[in-house]
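Enquirer: Here you go, one structure.
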Amino acid sequence: MVIAIRDGSEIPIYQQIRDQIVMGISDGRLQPGEALPTVRALAAEIGINSMTVNKAYQLLKLQGYIVTDRRNGARVASSFEAAEGLSKENRELLKRLISEAKLAGMTQEEFLEECRLLYQNQESENAQE
Amino acid sequence: MLLDIIFFICMYPVNFILYFVYKSFGKMENMRKKGIYYGLHAPKEEELREAFLALAEEQEALFLRRMRWCLLATFWIPFVNLLIPSVSIDFTIWMLWFVGFLGLLMVPYLCAHKVLRAWKREHVVVVSEEQRSSYTELHEVGKVRRVRPVLFLIPVAVSAAAAVSYTIGSRDSYAGAFSYLIILFAIITILFYLLALWMDQQKVLVISEDSNVNLNFARAKKNHWKNFWLFCAWCNTLLTVGFALLLGKTEVAVGSTVLVGGILYTMVLLAAALCTLKKLRALEEEYREKRTEELTPDDDEHWLWGIIYYNKQDKHSMVEARVGIGTAMNLATPIGKIMNLLAAVAILSIPIFCLWMILEEFTPIQLMIEDKVLVAEHLDKDYEIPVGDITELELITERPKMSKNSGTAMDTLYKGNFHITYGSDCEVFLNPQNDYFITFVAEDTLYYMSAAEDAGTLTLYESLQKIVENQ
């Protein structure tokens with residue numbers, strides 16, 4: 001799995017790492033139980049401070065995407081708790097996306113169709129894995 | 001003349017090989033494998049890309065023509081050099097020719113780079129640093145390693161053992177003088193190991209969205225480099241052991257041993273380097289179709305002349321080289337700065353060394369008596385021997401055959417510690433072209449000396465004789 005880091009982005013680097021690992025788990029590029037690199041090794045590979053990677057891992061652990069223990073290091077969680085809906089942050093993010101889509105002239109149907117297609121794409125990618 | 005022939009054999013073919021290697025760097029078929037043309041990325045937009053590649057092809061024809069001109073302008077110089085009798089001037093011209101030739105070979109490449117860069121500046125909108133992404137392979141982070149310490153342990157241990165046993169075993173200064181050479185070669189074996197280790201830790205290059213492609217490419221590439229450094233380490237070990245066995249033995253001709261060993265060693269390493277270059281090119285070709293163009297960020301502005309990498313944002317000290325194969329240093333990192341400084345010192349030391357050689361050869365030696373002290377002066381005061389200590393003073397017309405342990409041995413100057421063939425060590429300060437020399441013993445050390453000319457030697461001998469007789 002390839003992760004892309006944009007130094008000049010408004011999104012902090014730890015958040016970029018976190019988001020891409022979540023996307024990797026979601027589309028099957030990272031399998032449940034799969035080992036993640038150590039904080040130090042990943043920081044050296046990306047060329048960033050290990051505190052930044054550590055923060056991303058802390059966040060992932062807090063949100064239940066990964067588990068860590070001293071012997072095995074960080075791993076993708078084996079199972080994920082079913083959520084009742086979107087989190088508060090993601091709901092806010094979706095609101096922002098809807099606003100931008102509206103301003104760009106998209107209709108409700110077009111927006112929902114775009115969402116449906118993206119969702120289906122990920123489903124089919126998972127099936128292929 | 002002998003030195004001329006040695007230089008000719010050692011350096012002339014190397015320059016021809018470098019010419020063909022440099023030439024291959026500027027050929028379109030090789031540049032396509034990496035997608036980098038004269039140190040620049042081709043634009044991603046189709047129309048611009050086609051125009052850029054057409055211009056690169058035009059530049060290729062010019063590049064090849066300019067390369068031929070560079071060769072024509074320089075290939076004859078070593079032949080003229082064969083006629084020059086002075087060792088230091090000869091050496092200076094060889095060094096300047098070698099460095100100048102290497103620099104000159106870069107000119108056609110830089111000309112093509114300049115034209116393409118100007119075109120790119122005019123036609124392509126550069127993606128700002130903020131919008132650019134850097135890619136990292138998440139799988140097997142820090143695990144794609146090919147260098148295992150155990151592989152290098154044997155050559156390192158053998159080299160070290162040869163150096164230690166030689167240093168401890170050599171009792172006379174004649175053999176001892178070569179200890180430094182053998183220790184130096186033993187250290188080079190360790191350096192090869194460290195270089196292998198350093199290159200092995202290079203980041204996995206992301207060339208595709210498929211992790212297997214990235215990892216297999218990195219593994220294959222690191223494997224080639226590991227094999228190359230391991231081969232170098234073994235060659236160096238063989239040379240170290242060979243020198244330890246042969247040098248210091250009176251029946252072995254030192255000069256020929258070092259010369260033949262050195263030439264063979266250089267040729268074998270050069271062949272290994274060319275072989276690795278070929279293998280890495282084949283690997284690039286194999287993975288060309290699997291490369292995802294979008295994953296290669298256009299960071300041309302961080303590459304000075306498409307060759308030197310300077311990027312403060314990038315913490316990696318080593319990145320994939322743009323010209324040719326291998327790696328390039330990031331000069332913005334502390335390691336890059338240190339390596340750059342060392343390279344600058346190495347290059348600057350060449351003219352300084354040449355100047356020193358010229359001064360050594362052309363400064364006449366001076367032998368005089370000052371306040372009952374025999375003073376031998378060349379670039380500095382080399383010997384100060386109280387006349388009272390001198391015994392067994394003799395004037396000789398036939399100098400014994402001797403070879404240098406340490407110091408200078410030129411056509412017009414012998415200076416330093418020498419070894420008399422089938423004899424003992426001695427201190428020497430003389431012009432070997434003279435007919436008269438003085439020899440004496442002072443504080444259990446045997447000396448051979450002369451003034452710049454015979455007349456001076458004879459006058460000094462008479463003065464010395466008088467003083468010694470009066471004591």
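The values are calculated or read from the model by the stated rules, or taken from the named source; none is laboratory data. Bear in mind that the values here come from a model prediction, so they are computed numbers and not experimental data. No Cβ is skipped: glycine too gets one built from the backbone with ideal geometry, and neighbour counts run over all protein chains shown.
Enquirer: Consider the range A:32-65. How many of its residues are touching an Asp or Glu at 6+ places or on another chain (Cβ under 8 Å) and within 21 Å of B:Asp210 (Cα to Cα)?
Expert: Residues that pass the stated criteria total 2.
Enquirer: So, restricting to strands (runs of 3 or more DSSP E) that lie completely within the range B:355-410, which ones have at least 1 residues that are hydrophobic (A, V, I, L, M, F, W, C) and free of Cβ contacts under 8 Å to residues at least 40 places away in the same chain?
Expert: Hits in the range B:355-410: B:373-377, B:402-409.
Enquirer: Filter the range B:115-170 for residues that are of a type in the set (A, V, I, L, M, F, W, C), within 14 Å of chain A (Cβ to nearest Cβ) and within 29 Å of B:Phe231 (Cβ to Cβ) and give the result. Spell out how you get there, then give the answer.
Expert: First, pick out the residues of the range B:115-170 that are of a type in the set (A, V, I, L, M, F, W, C): B:115-116, B:118-119, B:124-127, B:138, B:141, B:144, B:147, B:150-154, B:156-158, B:160-164, B:168.
Still in the running and within 14 Å of chain A (Cβ to nearest Cβ): B:126-127, B:138, B:141, B:144.
Hits for the range B:115-170 are B:Val141, B:Val144.
Enquirer: In addition: If the requirement is being at pLDDT below 90, small (Gly, Ala, Ser) and in contact with a strand residue (DSSP E or B) (Cβ under 7 Å, 6 or more places away or on another chain), which of these qualifies: B:Ser134, B:Ser170, B:Ser179, B:Ser165?
Expert: Criteria check complete, one pass: B:Ser134.
Enquirer: Tell me, which residue of the range B:276-312 that is assigned to a loop (DSSP other than H, G, I, E, B) and touching a helix residue (DSSP H, G or I) at 6+ places or on another chain (Cβ under 7 Å) is nearest to the other protein chains (Cβ to nearest Cβ)?
Expert: Selected residue: B:Asn311.
Enquirer: Looking for something among the β-branched types (Val, Ile, Thr) and within 27 Å of B:Phe91 (Cα to Cα) - is there at least one such residue anywhere in the range B:386-394?
Expert: Within the range B:386-394, none of the residues are among the β-branched types (Val, Ile, Thr) and within 27 Å of B:Phe91 (Cα to Cα).
Enquirer: Moving on. Restricting the search to the range B:301-325, which residues are surrounded by fewer than 16 Cβ atoms within 10 Å (Cβ to Cβ) and touching a residue at least 40 places away in the same chain (Cβ under 8 Å)?
Expert: Scanning the range B:301-325 gives B:Glu301, B:Trp305, B:Gln313.
Enquirer: For the range B:94-142, how many residues are in contact (Cβ under 8 Å) with a residue 40 or more places away in the chain and of a type in the set (Gly, Ala, Ser)?
Expert: 3
Enquirer: Output the residues belonging to the range A:75-91 that are assigned to a helix (DSSP H, G or I) and either in contact with a Gly (Cβ under 9 Å, 6 or more places away or on another chain) or surrounded by 11 or more Cβ atoms within 10 Å (Cβ to Cβ) (or both).
Expert: Correct list: A:Asn90, A:Arg91.
Enquirer: Any chance you could count how many residues in the range A:53-64 are surrounded by fewer than 20 Cβ atoms within 10 Å (Cβ to Cβ) and hydroxyl-bearing (Ser, Thr, Tyr)?
Expert: 0
Enquirer: Also, I was wondering about something else. Can you tell me which of (1) out of contact with any strand residue (DSSP E or B) (no Cβ under 8 Å at 6 or more places or on another chain); (2) over 30 Å from B:Phe20 (Cα atoms); (3) surrounded by 14 or more Cβ atoms within 10 Å (Cβ to Cβ) is the one B:Ile89 doesn't meet?
Expert: Condition not satisfied by B:Ile89: (2).
Enquirer: A further question on this structure: Checking B:Ala244 against (1) within 14 Å of chain A (Cβ to nearest Cβ); (2) crowded, with 19+ Cβ neighbours inside 10 Å, which single condition isn't satisfied?
Expert: (1)
Enquirer: Moving on to the next point. For the range A:31-62, give me each residue that is without any contact (Cβ under 8 Å) to a residue 12 or more places away in the chain and away from chain B (no Cβ under 12 Å).
Expert: Those that are without any contact (Cβ under 8 Å) to a residue 12 or more places away in the chain and away from chain B (no Cβ under 12 Å): A:Met51, A:Gln58, A:Leu62.
Enquirer: Suppose the filter is under 29 Å from B:His316 (Cα atoms) and either within 14 Å of another protein chain (Cβ to nearest Cβ) or of a type in the set (A, V, I, L, M) (or both); does B:Val87 pass it?
Expert: Against the criterion (under 29 Å from B:His316 (Cα atoms) and either within 14 Å of another protein chain (Cβ to nearest Cβ) or of a type in the set (A, V, I, L, M) (or both)), B:Val87 does not qualify.
Enquirer: Let me ask something else about it. Identify, from the list B:Ile93, B:Ile84, B:Ile89, the residue that is β-branched (Val, Ile, Thr) and either part of a loop (DSSP other than H, G, I, E, B) or farther than 27 Å from B:Phe7 by Cβ (or both).
Expert: Of the residues listed, the single one that is β-branched (Val, Ile, Thr) and either part of a loop (DSSP other than H, G, I, E, B) or farther than 27 Å from B:Phe7 by Cβ (or both) is B:Ile84.
Enquirer: Here is a follow-up. Starting from residues that are touching a helix residue (DSSP H, G or I) at 6+ places or on another chain (Cβ under 8 Å) and within 18 Å of B:Leu367 (Cα to Cα), keep the ones in the range B:392-409 and report whichever is modelled with the highest pLDDT. Spell out the reasoning first.
Expert: Within the range B:392-409, the subset touching a helix residue (DSSP H, G or I) at 6+ places or on another chain (Cβ under 8 Å) is B:393, B:395, B:403, B:405, B:408.
With the extra rule that they be within 18 Å of B:Leu367 (Cα to Cα), the set shrinks to B:393, B:395, B:408.
Details: B:Leu393: 87, B:Leu395: 90, B:Thr408: 83.
Filtering the range B:392-409 for residues that are touching a helix residue (DSSP H, G or I) at 6+ places or on another chain (Cβ under 8 Å) and within 18 Å of B:Leu367 (Cα to Cα), the one modelled with the highest pLDDT comes out as B:Leu395.
Enquirer: What residue, of B:Lys290, B:Lys278, B:Lys315, is farther than 25 Å from B:Glu29 by Cα and among the basic types (Lys, Arg)?
Expert: Exactly one of B:Lys290, B:Lys278, B:Lys315 is farther than 25 Å from B:Glu29 by Cα and among the basic types (Lys, Arg), namely B:Lys315.
Enquirer: Restricting to the range A:1-30, give me the number of residues that are within 11 Å of another protein chain (Cβ to nearest Cβ), touching a residue at least 24 places away in the same chain (Cβ under 8 Å) and farther than 16 Å from A:Tyr57 by Cβ.
Expert: The number of residues fulfilling the criteria is 1.
Enquirer: Additional query: Only one residue in B:Ala196, B:Ala220 is buried (at least 20 other Cβ atoms within 10 Å of the Cβ), in contact (Cβ under 8 Å) with a residue 40 or more places away in the chain and among the hydrophobic types (A, V, I, L, M, F, W, C), so which one is that? Spell out how you get there, then give the answer.
Expert: Numbers: B:Ala220 fails: buried (at least 20 other Cβ atoms within 10 Å of the Cβ).
On inspection, the qualifying residue turns out to be B:Ala196.
Enquirer: If B:Asn214 satisfies all but one of (1) within 14 Å of another protein chain (Cβ to nearest Cβ); (2) buried (at least 20 other Cβ atoms within 10 Å of the Cβ); (3) under 28 Å from the mean Cα position of the chain (by Cα), what's the number of the condition it fails?
Expert: With respect to (1) within 14 Å of another protein chain (Cβ to nearest Cβ); (2) buried (at least 20 other Cβ atoms within 10 Å of the Cβ); (3) under 28 Å from the mean Cα position of the chain (by Cα), B:Asn214 is out only on (3).
Enquirer: Shifting gears a bit: Among the residues of the range B:327-349, count how many are within 19 Å of the chain's Cα centre (by Cα) and of a type in the set (Ser, Thr, Tyr).
Expert: Qualifying residue count for the region: 2.
Enquirer: A follow-up question, please. For B:Val141, only one of the following conditions fails: (1) in a helix (DSSP H, G or I); (2) more than 30 Å from B:Leu245 (Cα to Cα). What is its number?
Expert: Of everything listed in (1) in a helix (DSSP H, G or I); (2) more than 30 Å from B:Leu245 (Cα to Cα), B:Val141 misses just condition (1).
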